[in-house]
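First comes the structure, then the notes that go with it.
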Amino acid sequence: MNVLELKDVTKKYGGFTAVENLSLELEPGKVLSLLGPSGCGKTTTLRIIAGFAAPDEGSVQIAGEDVGELKPYERNVGLLFQDYALFPHMTVAQNVAYGMRYRGAAAAAIPSRVKQMLSLVQLAGMELRYPNQLSGGQQQRVALARALATDPKIVLLDEPLSALDAKLRLELRIELKEILRSVGATTIVVTHDQEEALSLGDEVVIMHAGKIVQRGTPTQIYQSPADKFVAEFVGRSNWFHSTRSGQSSAGFTSYLTGDGVEIRAKSSPSGYNGGADLCVRPEHIQLVDSAAPEAPSDAQHNSMAGVVLDVASLGPDVHVVVELPGKVRLLAIRKNVGKITGLAPGQCVRALFSASDVLVFDVDWR
Amino acid sequence: MRAARSKLLLLLPAAAVFVLFLVFPILIVLNESFHTFEPGRIGSVEGGPLTLANYAELFQPVYGQYFAQTYVLAICSSAVSIVFALPIAYCIARTEFAWMQKAAISAIVGLMFLSSLVRVYALELTFGSAGVLAPLMSIIDIDTNSRMYINFVILAGLLQYSIPMSILILIGAIKNLNPRLTEAAMSLGASALAAHLTVTIPLSMRGIVSAFLVSMTLGVSAFVIPLILGRGRILFISNLIYSRFSEVANYPSGAAISIVMMVLALLLILVMSRLATTLERA
């Protein structure tokens, strides 16, 4: 049975439709990421599940029970707020114990449960501290312990890592995942940060303008985005907007852009021949010196001459910007594995990528 | 060093005004309170011996009654105004609509600009012994001349000031609170009421104490309200001080009462802020 079922949920604020006809199911023990830009309706969805906003239409079921009429405190939903919302006038132990007494825990059982929760989040011994005596990461763990202490049916995490600095974020992400897995919590992570969404979620739901655009595993989302929005929103990408297509053979077509660039890619699945938006992920682009022997340039490969514009070494990755004829810019990402041939700005190179690595989207005429 | 010195220099004018117009006059009052008074004179006996008699006199029961009347009514009005102001302030501070907040705050500020004399006479014309509601009161068997009734009318007069003032102070306190805190409490199973009792109120305790103290100050120092609404039957200490200075010209006694009031006020502030600190961490 699904722990959560949203059916055709719509929520409007005045003339603005925050969530439109949204349906979502979630199986027990799964972690689902709700990813989208700000204003896409993901926070409204979270507030509807938690009971802080009532849907105008549609139904919300938690563990098979329709909770449409239930107040937030009548649903057993654990919430982890972006700013943690720890009670500043209570100690760590009081914070963690807060929900238990309202959720019917026996008073005698509370101290041991608090201890258990704090050791789960590796904060044993911190019981008597006040939130302002803790670091950001510690506060987040207290908030997590507080949310999990009542054994909620669903745990909702609102941008759980965004308030932390980059290094801590990685550590806590791994830890958060472990904790959620160890208690088997059914979880929804709401975030605009794709790294957070892709790394925490067993599955990712991409939202845009109040609707779900795609649901899939992180790999599916990245490798086969459902539409241009997903392709552009998740990961980095190079775009070519072709207005017409040329020859096609054996499932591959050559597309021409207005700048005179020719790209070979898979034929449009709809069979439409007028043109397409093409997307190439930067890590699929190989750069070779233009003096190197000519690479195969057949219907399934692309080879373009260009000039290196900028090289940025970002630790494990090196980002190279190449300018193609017609001022088209291309970003290529190479792994910094030590055998980098020194690319320098001004150098003439060839950019190579396979036609099957190009994502093809029909031009949106709307 | 230089910056520090110029900062001190900037403080000087204010400090001079403060000393000249506040500290010095209070010292004069303090000095006056230790002098003897002979009936028929204006002020103390010049060159007379210092005495504590003016203070000793205040231990007579009749004075206790003045103090009790003043403080009981002021405490009641402060407590009642917190009870009324807290929910109103919460709604104003948390409304989604900015215009509604502005309108509400302007209305409350506007209310406070209304002349106190006008309000007091409005109350008297409505609830006084000759007021429009007097016939109704006699039907339901309420004696408009009883002390109890007069106390209630004075309380209503005090609330006219203390409620708007408390609302304005509490709006600030509640706006400083993270609204996620009540949501967090509710997501953990606390009902809206329980969330407010365990989170909103303890965390606005500073604001509540400030509002209480300001209402207390307004109440204790009220002059026109008890003068008119009390109809001579109920007098506040301010009225007593006034009559000591202006009617019988017994400056030393008036001065002693004033000094006692000041000390009581300071004690109250001390106790309340201690209390607030303990409540915040409870």
Residue among B:A195, B:A211 that is crowded, with 21+ Cβ neighbours inside 10 Å and within 14 Å of chain A (Cβ to nearest Cβ)
B:A195
Can you find, within the range A:143-197, the residue that is farthest from the other protein chains (Cβ to nearest Cβ) among those that are more than 16 Å from the chain's Cα centre (by Cα) and at positive phi?
A:G184
Is there any pair linking a residue in the range A:48-68 that is in contact (Cβ under 8 Å) with a residue 60 or more places away in the chain and at negative phi to one that is surrounded by 14 or more Cβ atoms within 10 Å (Cβ to Cβ) and assigned to a loop (DSSP other than H, G, I, E, B), with Cβ under 9 Å and at least six apart or on different chains, and which?
A:I49/A:V67; A:I49/A:R75; A:A50/A:R75; A:I62/A:V3; A:I62/A:L70; A:I62/A:R75; A:I62/A:N76; A:I62/A:K153
State whether the residues of the range A:156-175 include one that is small (G, A, S) and under 22 Å from A:Y98 (Cβ atoms).
yes
Regarding B:S204, is this residue more than 21 Å from B:A79 (Cβ to Cβ), within 14 Å of chain A (Cβ to nearest Cβ) and not aliphatic (A, V, I, L, M)?
no
Filtering the range B:197-237 for residues that are part of a helix (DSSP H, G or I) and either in contact (Cβ under 8 Å) with a residue 24 or more places away in the chain or not assigned by TED's automatic domain parsing to the domain that holds B:Q160 (or both) leaves a count of 26
Could you grab me the full set of residues in the range A:268-321 that are at pLDDT 70 or above and of a type in the set (S, T, Y)?
A:S268, A:S290, A:S303, A:S313
Filter result for the condition that a residue is in contact with a helix residue (DSSP H, G or I) (Cβ under 8 Å, 6 or more places away or on another chain), free of Cβ contacts under 8 Å to residues at least 12 places away in the same chain and crowded, with 16+ Cβ neighbours inside 10 Å, over A:R75, A:R101
A:R101
Within the range B:158-191, considering residues that are touching a Phe, Trp or Tyr at 6+ places or on another chain (Cβ under 7 Å) and touching a residue at least 40 places away in the same chain (Cβ under 8 Å), the one nearest to the other protein chains (Cβ to nearest Cβ):
B:I174
Return yes or no: is A:L86 within 13 Å of chain B (Cβ to nearest Cβ), closer than 22 Å to A:I49 by Cα and not in a loop (DSSP other than H, G, I, E, B)?
no
Is it the case that some residue within the range B:129-149 is in contact with a helix residue (DSSP H, G or I) (Cβ under 7 Å, 6 or more places away or on another chain), in a helix (DSSP H, G or I) and modelled with pLDDT under 95?
no
From A:G58, A:G78, A:G51, A:G99, which residue is more than 13 Å from A:V190 (Cβ to Cβ), in contact with a strand residue (DSSP E or B) (Cβ under 6 Å, 6 or more places away or on another chain) and facing chain B (nearest Cβ under 10 Å)?
A:G78
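The values are calculated or read from the model by the stated rules, or taken from the named source; none is laboratory data. As the structure is a computational prediction, the values presented were derived from the model and not from experiment. Cβ: placed from backbone, ideal geometry, glycine included. Neighbour counts: every protein chain shown.
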